[in-house]
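None of the figures in this text is laboratory data; all of them are computed from the coordinates on show. Keep in mind that what you see is a predicted model, and the values were worked out from it rather than measured. With ideal geometry, Cβ positions are generated from the backbone for all residues, glycine too; neighbour counts draw on all protein chains shown.
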Number of protein chains: 2
Amino acid sequence: MEFIINHTDPKSNARAGLIKTDHGDIHTPIFMPVGTVGSVKAVHIKELREDIQAEIILGNTYHLYLRPGTDVLEEVGGLHKFNGWDRPILTDSGGYQVFSLSQRRKIKPEEGVWFQSHIDGSRHLFSPERVMDIERSIGADIVMALDECTPYPCDHEYAEQSMNITHTWLKRCCEHFDNTEPKYGYSQTLFPIVQGSTFRDLRVKSAEFVASMNREGNAIGGVSVGEPTELMYEMAEICCSILPKDKPRYLMGVGTPANILENIAMGVDMFDCVMPTRHARHGMIFTWDGIMNMRNEKWKRDFTPIDAHSDLFADREYSRAYLRHLYVADEMLGPMIGSIHNLHFYLDLVRTARQKIEEGVFAQWKNEIIPRISQRL
Amino acid sequence: MEFIINHTDPKSNARAGLIKTDHGDIHTPIFMPVGTVGSVKAVHIKELREDIQAEIILGNTYHLYLRPGTDVLEEVGGLHKFNGWDRPILTDSGGYQVFSLSQRRKIKPEEGVWFQSHIDGSRHLFSPERVMDIERSIGADIVMALDECTPYPCDHEYAEQSMNITHTWLKRCCEHFDNTEPKYGYSQTLFPIVQGSTFRDLRVKSAEFVASMNREGNAIGGVSVGEPTELMYEMAEICCSILPKDKPRYLMGVGTPANILENIAMGVDMFDCVMPTRHARHGMIFTWDGIMNMRNEKWKRDFTPIDAHSDLFADREYSRAYLRHLYVADEMLGPMIGSIHNLHFYLDLVRTARQKIEEGVFAQWKNEIIPRISQRL
């Protein structure tokens, strides 16, 4: 992996760059659509590539490990071959499931995390070494270290202990990763994750530790778990001030369009979030003019296109009234249109942010655009 | 509407022709994807047009009347404008819902059918005149007369009474249709429906009555409601022997790929069925080599394309193992791929049948291909 910064914003810490991987280039700042079990929900690979113009997608190690399983993935030659996505992929480590499936897991600091499968109840140990092996089998271009994503709120003592476990696991991840080879002939790189909950002292400590591991990119985890937005921004800012400037920074699980722009301003380069696809399934549509709840009666007779100025076929071909009808009638085409629309919007958002950074006007543009894109229509 | 027969098969009653409508030509024999509430489930309009190459789709009057409602449809200028499908549309009359929603309707021979909405319980009268008005508001190119689709089994007395009601309603439909104008500037045509359950004498009587109405095309209803396949073929054969040769014949709600080919051989020109999309949602995939249950373990490691010889992107890009994984993991992309695949297959099936008729080899080809496409893989 290689990271090149081409432009920096004069009035913020935003930067525009390029990550080079064996599966192609990623222009940063970038948003990565989430493909939990290898499929970005309700979206064809062809649409991701041609219509949404995604440059990298995310897969979830925990879910892919359970289904289709590493045996199937190894046999076909990795996730790229399995799902047909030939551009870069990033896999998380199961650390988020430590948070989201907290009733189904037990942390054993010396071992790792024991998960009880949400499918059949079977028990599985995710040790740092095992997670690296699984991520080698999945074959993502960027793999994440095993961590504990702490819940919010969480007391200082718990957060510190948890952070220390995450650091120990990180060392084991790095060692095991560096002692193993990629399985499919292209390079993989390992990103460590800063934890420390919402405590400034812990975030400083964790970011310094993570930076000292000297990997090719770094991530900030443990945010977007219910904390106030201001605290999220504060933690991201502290971490960005410590994590090396010349390496990509990935803020995990964030967020709303406004969250993304604010964090770009702090120097974050990579984002992922289920929000565009999950909200789409519930009829929430993000646009440059604000957020539309498509189930609302107000769209019933709005026969104008979803977005006449968009370059997405779905935005021009379908009207708001028709999209509302599809959601109200529970037609699968509603979430399909919503998902492709929202992902296209998120990619358009980061692409536009990139342009504004290149033009040196990002900070001003961000402050102007955030109230508009955040309002409810 | 105009109907031109270009070729007839020397060894069967199959024919290949062209239906001309104000929204474009329909090559017969044709399969019409079902878009119950205006959307063909899980398929984009763009995919219907470009990938599936559908030439006409179906809408359900009962469902469209309830949602989005005729007021919305009139305001936008009809269903074509509402859903963005600019090729021909056919609407049924609610007659099928007389069968499928039998717990929610009461037939009053003098009035029509009283339905109790499956959405909010409200009561609605579908009289022959009202149905014609609704179908004028929806604006389909081909509209169906109000009938009662009888259940199977059904005794002769009930079937005869029901048939007589259908005939009375048909006269009222024709009269009202002929006394009203299309609402959106293009022509609409009304097809009557033969009923008579599985009784030869009633089918003869009904087909003769329907033929005497002298409309531009004719339909055969009351099949595909649970009767043995042989009885369906027998009824279709009787009806086709009476319904005029020079007008298109539409067999409603049929069926499997084999059913379609057998009925083409009897002289049927038009088909519709929810089977390709409904089966797709349950993981059943139709191919030229037979039917695949994609949830089956046997596809788990079959990394070959769904169909390497197909011209459909989804058939070439996705493997059987990946499609199985999507169904097993309950990912929406599974039904999306299955639906576009099955509809593409059905359109490919009737297109190939057409070619074989043009080449004069349809009957032989049909007998060879039916065992292959009907087997379980």
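Tabulated results
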{"item": "Within 10 Å of each Cβ in B:80-86, the average number of Cβ atoms from other chains", "result": "3"}
{"item": "Residues with amide H under 5 Å from that of A:Y318, placed H, sequence gap 5 or more", "result": "A:I306"}
{"item": "Partner chain coverage, peptide B:320-328 - average Cβ within 10 angstrom", "result": "4"}
{"item": "Three-way shape call for the range A:2-277 based on the alpha-carbon gyration tensor, with the a/c threshold at 1.5", "result": "rounded"}
{"item": "Net +/- balance of residues flanking A:E47 in space, Cβ distance below 11 Å, scoring K and R +1, D and E -1", "result": "0"}
{"item": "Under 13 Å from the Cα of A:K46 - aspartates and glutamates, other chains or at least 8 residues apart", "result": "A:E55, A:D86, B:E47, B:D51, B:D315, B:E317"}
{"item": "Rounded tilt (10° steps) of A:229-242 against the dominant C-alpha axis of chain A", "result": "50 degrees"}
{"item": "Whole-angstrom gap from the range B:25-63 to the range A:210-226, using each part's C-alpha centre", "result": "49 Å"}
{"item": "Residue order, fewest to most beta carbons within 10 Å, for A:T36, A:T150", "result": "A:T36, A:T150"}
{"item": "Nm distances between copies for B:S117, ranked from closest, using label points 7 Å along Cα→Cβ", "result": "4.5"}
{"item": "Whether the range A:49-105 is rounded, prolate or oblate, judged on the alpha carbon gyration tensor where a/c under 1.5 counts as rounded", "result": "oblate"}
{"item": "Amide H contacts under 5 Å for B:I291, placed H, 5+ residues apart", "result": "B:Q375, B:R376, B:L377"}
{"item": "Overall form of the protein assembly as shown per C-alpha gyration tensor (a/c, 1.5; a/b vs b/c)", "result": "prolate"}
{"item": "Degrees separating the helix B:200-212 axis from the principal Cα axis of chain B, which is the longest one", "result": "70 degrees"}
{"item": "Order of A:V43, A:V37 - criterion: other Cβ atoms within 10 Å of each residue's Cβ, fewest first", "result": "A:V37, A:V43"}
{"item": "7 Å along Cα→Cβ, label-point gaps from A:T304 to other copies, nm, shortest first", "result": "5.2"}
{"item": "Long pairs among B:K41/B:K81; A:K20/A:K106; A:K300/A:K356; A:K108/B:K298, criterion Cα-Cα beyond 26 Å", "result": "A:K20/A:K106; A:K300/A:K356; A:K108/B:K298"}
{"item": "Antiparallel DSSP beta bridges within the range A:1-150, percent to nearest 5", "result": "75 percent"}
{"item": "Distance from the range A:304-375 to the range B:150-205 (C-alpha centre basis), Å", "result": "47 Å"}
{"item": "Per-residue average of Cβ from other chains inside 10 Å of B:41-48", "result": "4"}
{"item": "Cβ-based exposure ranking for A:T61, B:T8, in which fewest neighbours within 10 Å come first", "result": "B:T8, A:T61"}
{"item": "Difference of contour (0.36 nm per residue) and Cα-Cα distance, A:E75 to A:T168", "result": "30.3 nm"}
{"item": "Other-chain or far-sequence residues with amide H under 5 Å of A:K11's (modelled H)", "result": "A:A363"}
{"item": "Acute angle (nearest 10 degrees) that the helix A:257-266 long axis makes with the longest principal axis of chain A, alpha-carbon atoms", "result": "50 degrees"}
{"item": "Label-point separation in nm, B:K298 to B:D178, each point 7 Å along Cα→Cβ", "result": "5.6 nm"}
{"item": "Whole-Hz ³J(HN,Hα) from phi, Karplus 6.51 cos²θ - 1.76 cosθ + 1.60, for the range A:86-97, glycine and proline x", "result": "9, 9, x, 10, 10, 10, 6, 10, x, x, 5, 5"}
{"item": "Net length gained if the chain between A:K46 and A:Q103 were fully extended (0.36 nm per residue, minus Cα distance)", "result": "16.8 nm"}
{"item": "From phi via Karplus (6.51, -1.76, 1.60), per-residue ³J(HN,Hα) for the range B:280-285 in Hz, x at Gly/Pro", "result": "4, 5, 9, x, 9, 10"}
{"item": "Estimated vicinal HN-Hα couplings, Hz - the range B:325-341 in sequence order (Karplus 6.51, -1.76, 1.60; Gly, Pro = x)", "result": "4, 5, 5, 5, 8, 6, 7, 4, 4, x, x, 5, 5, x, 5, 5, 4"}
